[in-house]
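Comments concern the structure below.
The values are calculated or read from the model by the stated rules, or taken from the named source; none is laboratory data. Fair warning: this is a prediction, and the values are worked out from it, not measured in the lab. Every residue, glycine as well, gets a Cβ built from its backbone with ideal geometry; the counts of neighbours run over all protein chains shown. Accessible surface is based on the protein model in full, side chains and every heavy atom, while ligands, DNA and RNA are left aside. Shrake-Rupley method; radii C 1.70, N 1.55, O 1.52, S 1.80 Å.
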Amino acid sequence: MPPAEQSGLIQGKLTPPTLGSSVKPEELRISAPTDASTGAFGLGLPDAATMTTTYKDLLLGVPDIFGGTIGDICTNVSTTAPADLSLYPISKLMTNTGTSVIATDATRAAYNAKNWWFSDRDISFSFKGNCVGLGAVDATFDFGRGWNVLDVTYYGDHTTYVATPQPDANTPWTLNSGAAAQSLQPNVLEPWKNSRAYQHSR
């Protein structure tokens, strides 16, 4: 029997519904239609076997997930993660019109986004460093094999990561825009795009 895994489902709603008629992660070959009147959708994410075979070239290690250490992207890095740990994060979705949307809580003062991270194993690890766009990061991650949900909050000078249960209601997904977004560094939602590991694998 294969190891138990945590299945992935992004249950959300485009806000407003006119943002698109379907959604998909930027790099995965999956999509889900949205309800024309409510914007609701249910995007099932690939299982662990698919992620570690079909999408194995997209997986990233730590600290590349935070931007990497080459070129002073992340400095003063320490982590307990093994070198062969493989992760894949989703922090935004694309609509069929090419619009970028994020799962954010507009009532909060700080810029934030809900993330779905794939892990190829059950693991607990820490990461500490100072990274371009993220500022100071000092976090511990307790992941199950499969998909894990994080609330990520970007304060400008530091970023926090908090594990949260898989949402059982339609989380609003809205435009990745506004004053808070514009005040942050490029790729702050996707710091892995700063890493050479990401750039060399795409």
Suppose R0 equals 22 Å; then what is the FRET efficiency for ASN176 and ARG108 from their Cβ-Cβ distance, rounded to the nearest 0.05? 0.90
Full-extension gain in nm, ASP57 to SER37, via 0.36 nm per residue minus C-alpha separation: 3.5 nm
Cα centroid separation - region 19-66 against region 125-143, whole Å: 23 Å
Per residue of the chain, what 222 nm ellipticity follows from adding -39500 (n - 2.57) for every DSSP H run with n ≥ 4, rounded to the nearest 500? -1000 deg cm²/dmol
If amide H atoms are built 1.01 Å from N in the plane of the peptide, which residues on other chains or at least 5 residues away come under 5 Å of the amide H of TYR111? TYR154
On full extension of the chain, what length is gained from SER201 through TYR155, given 0.36 nm per residue of separation minus the C-alpha to C-alpha distance? 13.6 nm
ILE73 accessible area, nearest 10 Å², 1.4 Å probe? 30 Å²
Express the relative contact order of region 32-168 as a whole percentage, based on alpha carbon pairs under 8 Å and six or more residues apart in sequence. 19 percent
Rounded to the nearest 0.05, what FRET efficiency do SER7 and ASP138 give with R0 = 41 Å and r taken as the Cβ-Cβ distance? Could you check? 0.85
Cα-based convex hull volume of region 85-202 per residue, rounded to whole Å³: 125 Å³
Among the trypsin sites (Lys or Arg not before Pro) within region 101-195, which fall in a DSSP loop and have no more than 12 other Cβ atoms within 10 Å of their own Cβ? ARG108
Which whole number in µm²/s is D for the chain by Stokes-Einstein, with the Kirkwood Rh taken over Cα pairs at 10 °C and 1.306 mPa s? 92 µm²/s
Among residues other than GLN6 whose Cβ falls under 15 Å from its Cβ, what is the net charge (Lys/Arg +1, Asp/Glu -1)? -4
Nothing charged except the Cβ atoms of Lys and Arg (+1) and of Asp and Glu (-1): what's the magnitude of the dipole of the chain about its Cα centre? Round to the nearest 20 debye. 340 debye
